[in-house]
Each structure stands twice: as C-alpha cells, then as structure tokens.
Amino acid sequence: MSLIKSISGIRGTIGGSKGDNLTPLDIVECVSAYGTWIRQNHGKSTVIVGRDGRISGPMVSQLAINSLLALGIDVIDLGYTTTPTLEMMVPELNAQGGIIFTASHNPKQWNALKFINQRGEFISPENGAKVLSYIGSKELVFADVDKLGTLSHFDKGVEKHIEHILNLDLVDIEAIKSTSFHVVVDCINSTGAISIPPLLDALGCSYTLLNEEMTGDFAHNPEPLPAHIQEALSAVKEEKADLGIIVDPDVDRLAFIDENGIFFGEEYTLVAAADHVLSKKPGNTVSNLSSTRALSDITQRYNGEYSPAAVGEVNVVRKMKAVDAVIGGEGNGGVILPELHYGRDALVGIALVLSLLAERNTSLSALRASYPNYHISKNKIQLTEGVELPKIIDYLQTKYANEKLNNVDGLKIDFEEGWVQIRASNTEPILRVYSESKDEASANQLAQKIMEDVAFISK
C-alpha cells in the first residue's frame, strides 16, 4: 500500500502501518503540521474543511477537525462538498486556509489531505515542504483548554459556488435554457450528486443521473476514462441525450460524451472551454506538458499565446499568473477560469461548454470535428526495484539528443510525428508515459518505444 507526499497533498490508502499508509496517526501528524504552518503565518486562524463522498471521509474529517481544534484553530465544516467549492469558500468566508479530504480519481481505498492557502489555492511546493518539516518537530505545540478552537458548519457552499458561476458574463443562461439540453450525468457515488443537478436546474437542462447514491462505494474506477464509463456511454444513446457528463469524486475533472455515445475526450474538455472563452475574451492560455497540442492550436486561432507548465495544479496556476492567461488547466479535464477562481472546476467547465454549444447551435460531435484531431496514449509503469527515473532520463536524453527535449517535468521528447513525456506521478507510485500523435496507432507506437527503452535500462 502507499503514502505519498507531493504537491498534490498527502495521499494514501486507508489501513495498515503508520508511515506506509494514511493511518489515523499520519492524519493527525500531517494536519497538525499544516495547522502549525497556518498559525505561524496568520496567528489566530480559521480553516475551512470539507470532504467528497468516500467511505473513509467521516473518519478522516473528524481526526483532522479535532487536530485543528486542539491547535486553537477555528474550523468551518462544509461537510460534503467539491474541491473547487472549498477553494472558493476560503476567501468567501475570510478563512486563512482550507483542507479538502479527497483522493480525486483514486479508487475507494484511497483518501488524501489537500491543503489550501488563504487565497483558496493549493499551497506551493515551498510551503508544502515547510509543512512537512513540522511533522514530528518541537514546533507542534497545542492549545491550552481555554484556547481550543471552535467548530461551526456552513451548508451553503455549493449554492454560493453555483451562484458565482451563473453571474459570469461568459455563461449564457438564456441561450442554454432555450436549447433545452437533456444530459446524462455519472455522479460516481460522490459529490457530483449534490453539485451538478442544481447547476443544471438553474440552466434549464433536464437530466438522468447515474450512480447518484453518495455512498463512496464507487460503481466503477472513478478516473473519467473511456474504459470506466461504459454505463454512461450506453445511457446517452439509450436516452437519446444531447450529451453526457462525467466527473471524478471531488468534481474538479470533467469529461463529456457526445450525442452518439462517443467519448468526447477529457483532453478536449479544456480545448472546448477555451474556445468559448477566447471567442469572448482573447488572451493567453496555459496547460501542462502532458496535455494536447490542440489547446495551442486553438489559442493561435484567436491570436493568443500558449505556454506549457509542469504537471500539477500549483504549477499551472503559477504559469497562468505569470503570463496573465484568461483560461488554463490540465488535459485530464481540469478547467481553470481565473475570472472565477484559480482552481480546476468541473462545474464552471460544464457551464462554459453548454454556453458554447447553445450559442453556436451545434452538437458535441460537430464541435469535436472542428478541432485539430490528435490522439493521446496514456500508459503507466509501476515503480519497482530497478526502475529509477533519474537513470532513465539520463539514458533517454543521450539516446534522443537530436530531438527537442524538455526536462521541466520528467522528460518530454518532441519527435516530428508527435511527443512523449515520462514523469513520476504526483498521486500514485508509478511513472506516467504519455504520448500524442496524429492517430491512436502512432501515439501508442511512440509510447511503446519509450517503454521498451525503460525496460532495457531497468534490467
């Protein structure tokens, strides 16, 4: 089993031994370290907490809440919520930080602590390192009995979040209502069930919900990939729906299914959202190095400049601020709209893409056909003995020295026919090997070539 500490938070599997898994002791230590960092930066503080629908959510939440209270920090509990909702509520409720308890796309045995700063953004790697330095240190000092924190609850977070989305000029409510979309939504037994229906209600869409029971016992692998969503693909055709919506358990990743029951491609979620935003508000865009070239192509259509960033929401947001991007995100279906907040947000992605479809009076299949047609192959290599990324990168840089190389995040090799990136995952004990080319077979061949190199150097 695993415990991973990275820019994506403290993530691990429930049960097992301290230090190897996300145990109660690890939760208390890590949350206490974060609370100490908050307190040292802000003095008397308030932290917002919330959780997705995971089975372990109540246990993790209660341990974390009581650790913060013991530090003398006031806590506002949103209860069931989405990651983007919590991010927005931190500044909305004048808090000094936040923690969302979710392992995003990981299976049900996983959970995580994702730490948020005062601006409602994930803490930086530098601040993350500072938090980790407090674990087991003498800096962890808890409050006297008369100075314990207080706990309160706020149940309007999702409602406020949707309200802010509906107030965006980029969201054409009347156009969407006039189209009367019928939508199939896979809620994956988590907080999509309490966030997507009220948004669709406000936009005048009818819908059919799949896996809407918030049990945390996910009906399928929760990562929104084609192999995992066969029920939704079939339901769109059976219902004769206009489209399908797929989210992950904390509703920060978004994928669509077109009216023919064909996967639109999570890589193209950001492309479509950017197409709509750039048509109204031309400017620059950002995505991570593992994302499709199609965003760069669309940005150039509107005379903007595209910039790549290392994988991880923190890195993308940092680059977006540096280049004053009007939209950005990650090719895993993560849409970041700075006008709303600097965080991946499936709810605003839904509103933007529905606005685009309604205003152009087009279908998802026609929209997809209007974009450059690239194919991405996503593969993984288990981290086992003998698989060492630095040694692998040194070998690949030597072998492919005549190609265009980028080592900002692992190694990305740009060939004439496409690109391949190999990097360590921020969320699993694996190496990710992503490739993109003009068709599926070519993308798979590029990935296979690099995976064979890895197998050779790891012998």
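The values are calculated or read from the model by the stated rules, or taken from the named source; none is laboratory data. Note that the coordinates shown come from a computational prediction; the quantities given were computed from them, not determined experimentally. Cβ placement follows ideal geometry from the backbone for every residue including glycine, while neighbour counts extend to all protein chains displayed.
Quick check on this structure: which one of 391, 404, 399 is outside the structural domain of residue 294 (by TED's automatic domain parsing) and either touching a strand residue (DSSP E or B) at 6+ places or on another chain (Cβ under 8 Å) or surrounded by 15 or more Cβ atoms within 10 Å (Cβ to Cβ) (or both)?
Values: 391 fails: either touching a strand residue (DSSP E or B) at 6+ places or on another chain (Cβ under 8 Å) or surrounded by 15 or more Cβ atoms within 10 Å (Cβ to Cβ) (or both); 399 fails: either touching a strand residue (DSSP E or B) at 6+ places or on another chain (Cβ under 8 Å) or surrounded by 15 or more Cβ atoms within 10 Å (Cβ to Cβ) (or both).
The unique qualifying residue is 404.
With respect to residue 126, is the statement that it is in contact with a helix residue (DSSP H, G or I) (Cβ under 8 Å, 6 or more places away or on another chain) and either surrounded by 14 or more Cβ atoms within 10 Å (Cβ to Cβ) or in the same structural domain as residue 52 (by TED's automatic domain parsing) (or both) true?
Values: in contact with a helix residue (DSSP H, G or I) (Cβ under 8 Å, 6 or more places away or on another chain): no; either surrounded by 14 or more Cβ atoms within 10 Å (Cβ to Cβ) or in the same structural domain as residue 52 (by TED's automatic domain parsing) (or both): yes.
When the stated conditions are applied, residue 126 does not pass them.
Answer yes or no as to whether residue 11 is in contact (Cβ under 8 Å) with a residue 24 or more places away in the chain, in a loop (DSSP other than H, G, I, E, B) and either among the small types (Gly, Ala, Ser) or crowded, with 22+ Cβ neighbours inside 10 Å (or both). Even if it seems obvious, please write down each step before you answer.
Numbers: in contact (Cβ under 8 Å) with a residue 24 or more places away in the chain: yes; in a loop (DSSP other than H, G, I, E, B): no; either among the small types (Gly, Ala, Ser) or crowded, with 22+ Cβ neighbours inside 10 Å (or both): yes.
Here the answer is no, as residue 11 does not meet what is asked.
What tally of residues in region 259-308 results from selecting those that are in contact (Cβ under 8 Å) with a residue 40 or more places away in the chain and more than 18 Å from residue 355 (Cβ to Cβ)?
Going through region 259-308 one residue at a time, the tally reaches 17.
Quick check on residue 150: is it at negative phi, assigned by TED's automatic domain parsing to the domain that holds residue 224 and more than 26 Å from the chain's Cα centre (by Cα)? Break it down stepwise before answering.
Values: at negative phi: yes; assigned by TED's automatic domain parsing to the domain that holds residue 224: no; more than 26 Å from the chain's Cα centre (by Cα): yes.
The answer is no for residue 150.
Residue under question is residue 344, and the condition is that it be closer than 24 Å to residue 300 by Cα, basic (Lys, Arg) and buried (at least 20 other Cβ atoms within 10 Å of the Cβ); does it hold? Give the steps one after another, and end with the answer.
Details: closer than 24 Å to residue 300 by Cα: yes; basic (Lys, Arg): yes; buried (at least 20 other Cβ atoms within 10 Å of the Cβ): yes.
Judged against the criteria, residue 344 is a match.
Kindly evaluate residue 279 against the criterion of being within 22 Å of the chain's Cα centre (by Cα), in the same structural domain as residue 327 (by TED's automatic domain parsing), farther than 14 Å from residue 336 by Cα and surrounded by fewer than 24 Cβ atoms within 10 Å (Cβ to Cβ).
So residue 279 does not fit the description; no.
Please give the number of the condition residue 188 fails out of (1) on the phi > 0 side of the Ramachandran plot; (2) surrounded by fewer than 17 Cβ atoms within 10 Å (Cβ to Cβ); (3) aliphatic (A, V, I, L, M).
(2)
Give the number of residues within region 134-163 that are part of a helix (DSSP H, G or I), in contact (Cβ under 8 Å) with a residue 12 or more places away in the chain and either charged (D, E, K, R) or surrounded by fewer than 16 Cβ atoms within 10 Å (Cβ to Cβ) (or both).
Residues meeting the conditions: 3.
Say we look at region 293-313 and pick out the residues that are within 16 Å of the chain's Cα centre (by Cα) and crowded, with 24+ Cβ neighbours inside 10 Å; which of these is farthest from residue 443 (Cα to Cα)? Outline the logic, then answer.
First, pick out the residues of region 293-313 that are within 16 Å of the chain's Cα centre (by Cα): 309-313.
Within this subset, residues satisfying the condition of being crowded, with 24+ Cβ neighbours inside 10 Å are 309, 311, 313.
Details: 309: 21, 311: 20, 313: 25 Å.
That would be 313.
Residues are listed down the side, and each one gets a yes or a no for (1) in a loop (DSSP other than H, G, I, E, B); (2) in contact (Cβ under 8 Å) with a residue 40 or more places away in the chain; (3) in the same structural domain as residue 183 (by TED's automatic domain parsing); (4) not charged (D, E, K, R):
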{"site": "209", "(1), (2), (3), (4)": "no, no, yes, yes"}
{"site": "219", "(1), (2), (3), (4)": "yes, no, yes, yes"}
{"site": "223", "(1), (2), (3), (4)": "yes, yes, yes, no"}
{"site": "237", "(1), (2), (3), (4)": "no, no, yes, no"}
{"site": "245", "(1), (2), (3), (4)": "no, yes, yes, yes"}
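Looking at region 66-101 only, could you name the residues that are touching a Phe, Trp or Tyr at 6+ places or on another chain (Cβ under 9 Å), under 16 Å from residue 345 (Cα atoms) and not in a strand (DSSP E or B)?
The answer is 87, 89.
Say whether the condition of being under 25 Å from residue 253 (Cα atoms), assigned to a loop (DSSP other than H, G, I, E, B), without any contact (Cβ under 8 Å) to a residue 40 or more places away in the chain and not assigned by TED's automatic domain parsing to the domain that holds residue 334 is met by at least one residue in region 102-120.
Yes, some residue in region 102-120 is under 25 Å from residue 253 (Cα atoms), assigned to a loop (DSSP other than H, G, I, E, B), without any contact (Cβ under 8 Å) to a residue 40 or more places away in the chain and not assigned by TED's automatic domain parsing to the domain that holds residue 334.
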